[in-house]
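The values are calculated or read from the model by the stated rules, or taken from the named source; none is laboratory data. Just so it is clear, the structure is predicted and the values come from calculations on it, not from any experiment. Methodologically, a virtual Cβ is constructed for each residue, glycine included, from the backbone with ideal geometry; neighbour enumeration extends over all protein chains shown. Heavy atoms of the whole protein, side chains included, go into the accessibility calculation; ligands, DNA and RNA do not. Shrake-Rupley method; radii C 1.70, N 1.55, O 1.52, S 1.80 Å.
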Amino acid sequence: MYIHLWPSNKLPFLSTLTSPNQQFLDRQRTLSLYRSFLRASRGLGDLQTRQEVIAWVREDFEKYKEVTDPERIKHLHSLARKELKGLNSTTMLVGNDGEKWRGKRPTGKS
C-alpha cells in the first residue's frame, strides 16, 4: 500500500516535470501553429510582405525553441493563437482577389 506523505502542491519539483507524452503534444501543437502561420501568410498581398511575415514568425519560433516550462509553453501557444487570429483577419482585409502570390497563369490573350 502506498501512502502519500506530502500533498503534491508541497513538492514544487513535481509541477515542473513533464511526461514524454506532454512534450510530444506540445511539440505537435507548436508545429501545427507554425504551419498555420505559413498558411495564413499565403493570403497576404505580395511576395515581399509574405516573406517578411514568414521571417518574423520564424524568428519568434526560433527565439522560444529552448523553452521547457509547461506553463510558459501554454502561455506562448495562447499568444501565438492570438497573433494568428490577427494575421488571419489582416489577410481577409488585404485580400488578393483569389490569386496566390505566385501570379496568374498566362491566358494567351494579348
Accessible area (Å², 1.4 Å probe, nearest 10) - residue 67:
40
Sequence order, the range 28-38: Karplus ³J(HN,Hα) from phi using 6.51 cos²θ - 1.76 cosθ + 1.60, θ = phi - 60°, Hz rounded, Gly and Pro as x, gives 5, 5, 5, 5, 5, 4, 4, 5, 5, 5, 5
Pop a pseudo-label 7 angstrom from the Cα along the beta-carbon direction at both residue 47 and residue 64 and give the gap in nm to one decimal.
3.1
